[in-house]
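The values are calculated or read from the model by the stated rules, or taken from the named source; none is laboratory data. Note that the structure is predicted; figures quoted are calculated from it, not measured. Using ideal geometry, Cβ is built from the backbone for each residue, glycine included, and neighbour counts are taken over all protein chains shown.
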Amino acid sequence: MAAPSSLFSALSREDSVVALEIIKSAPANVSFSEINENGYSALHFASSKGYLGVIEALIAKGSNVNQATDAGTPLQVAILSGQIAALRTLLKNKAEPNQCSNNLPSPLVLAISRACSQCFYALIDAGADLDLESLGCSPLNVAINHNEHFMVQKLMISGADCSVADTAGLTPLEYAAVSRQTKILNYLMAFIDPIDSCPVWTVAGIIQRLNSPKELSNIEIKLKQKSENLITHGDVAELDGKMEIAIFWYSEALIADPTNHEAWANRSRCYYKLNACHDALVDAESFIRLAPQLPEGYIRKAEACEQLGKYADAASAYLEASNLDPEQQAYLEGYNQALQKHLDNLDF
């Protein structure tokens, strides 16, 4: 028997008291594994909101603490939502700290990327695999790329492998050297034996060697390809309506290659769909700086400006797009509409 629809209704209203009453009064044969249109079971929903009593009650009624959907596992959802207490409750109830899903990396990688140190330490204490690479992301390399010094240090002290290359073919040493992270390089050198390709085994020597034209060109090629691969994950999530997950992947793509204008445009579009229009505008302007010859950046900027009530800026952006692609009648219509809104708001 499926869980009553009133449960999702109560959770959607953020009425955890009513939700708890529905769960406790449900017959023993009721299943709470039903998934809503967002890929959430009741446990996913409660984990995203941090409703600890509801989480405990659902698990007591037999909910699968490791149920994986297109939105991830309850543990992954808790991390993405910044619900630290929910994460601890799930781990206490035997949530698997190493379980990945089809379109999200491991919980540990998610915690690092969200800069959630409490989630990070809780997962390590629960037995998270320090070297688990999932969908091209490994904990140590992600910590280096996010400049999380303490997390890097904790991973290495706890036994993470500092020498293994990821699927992009890059090692922690290469990531740290290319981004010139001297403090992290000092950490790494304490755990890695000197390598023949770096005859001067000092921080300065490693940076100089791995940033030489030949080495840097090879690394940049790998980073650009990694960025494209990460964008693919984001596209899948966006197509499925999972904007937060798409933003995660586009953000990782931009860390790999900040010049990837496609990632800026895609993340801007996702922010816009979530009504985070300031963030959408920032990303649109980054796209324009990188690719001023393409109309898409101006369209992203125009849409964000309209939602922010910046009608003059929106009209200007639509006009730029129309000048670049005069055949798109929608751009000119957007200009006229934004200009009219601007004029309507003038105080004569």
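Within the stretch 127-157, the set of residues being in a loop (DSSP other than H, G, I, E, B) and of a type in the set (A, V, I, L, M, F, W, C) comprises A128, L130, L132, L135.
Residue-level analysis places A177 outside the set of residues that are out of contact with any Ser or Thr (no Cβ under 6 Å at 6 or more places or on another chain), of a type in the set (A, V, I, L, M, F, W, C) and under 17 Å from E252 (Cβ atoms).
Can you say whether A160 is assigned to a loop (DSSP other than H, G, I, E, B) and either at pLDDT 90 or above or over 30 Å from the mean Cα position of the chain (by Cα) (or both), as far as the supplied structure shows? Can you show your working first?
Details: assigned to a loop (DSSP other than H, G, I, E, B): yes; either at pLDDT 90 or above or over 30 Å from the mean Cα position of the chain (by Cα) (or both): yes.
It is true that A160 is assigned to a loop (DSSP other than H, G, I, E, B) and either at pLDDT 90 or above or over 30 Å from the mean Cα position of the chain (by Cα) (or both).
Once the stretch 304-348 is narrowed to residues that are in a helix (DSSP H, G or I), among the acidic types (D, E) and out of contact with any helix residue (DSSP H, G or I) (no Cβ under 6 Å at 6 or more places or on another chain), the residue that is modelled with the lowest pLDDT is D344.
Counting only residues that are surrounded by fewer than 23 Cβ atoms within 10 Å (Cβ to Cβ) and of a type in the set (D, E), which one in the stretch 275-294 is farthest from A317 (Cα to Cα)? For the stretch 275-294, the residue satisfying everything is D279. Within the stretch 69-100, which residues are of a type in the set (S, T, N, Q), surrounded by fewer than 24 Cβ atoms within 10 Å (Cβ to Cβ) and within 14 Å of the chain's Cα centre (by Cα)? Within the stretch 69-100, just S81 meets the criteria. Checked against (1) under 15 Å from the mean Cα position of the chain (by Cα); (2) within 30 Å of S25 (Cα to Cα), N66 meets all criteria but (1). The set of residues in the stretch 146-171 being over 21 Å from N98 (Cα atoms), surrounded by 17 or more Cβ atoms within 10 Å (Cβ to Cβ) and not aliphatic (A, V, I, L, M) consists of T171 alone. Among all positions in the stretch 108-126, there is no residue which is outside any loop (DSSP other than H, G, I, E, B) and of a type in the set (K, R). Within the stretch 47-58, residues that are more than 9 Å from L20 (Cβ to Cβ) have Cβ atoms under 8 Å from residues that are small (G, A, S) and part of a loop (DSSP other than H, G, I, E, B) in these pairs: S47/S81; S48/S81; K49/S81; G50/S81, counting only partners at least 6 apart in sequence or on another chain.
Could you tell me how many of the residues in the stretch 277-301 are of a type in the set (S, T, N, Q) and either part of a helix (DSSP H, G or I) or closer than 11 Å to W264 by Cα (or both)?
So the first thing to find is which residues in the stretch 277-301 are of a type in the set (S, T, N, Q), and the list is 286, 293.
Then drop every residue that is not either part of a helix (DSSP H, G or I) or closer than 11 Å to W264 by Cα (or both), which leaves 286.
Residues flagged as of a type in the set (S, T, N, Q) and either part of a helix (DSSP H, G or I) or closer than 11 Å to W264 by Cα (or both) within the stretch 277-301 amount to 1.
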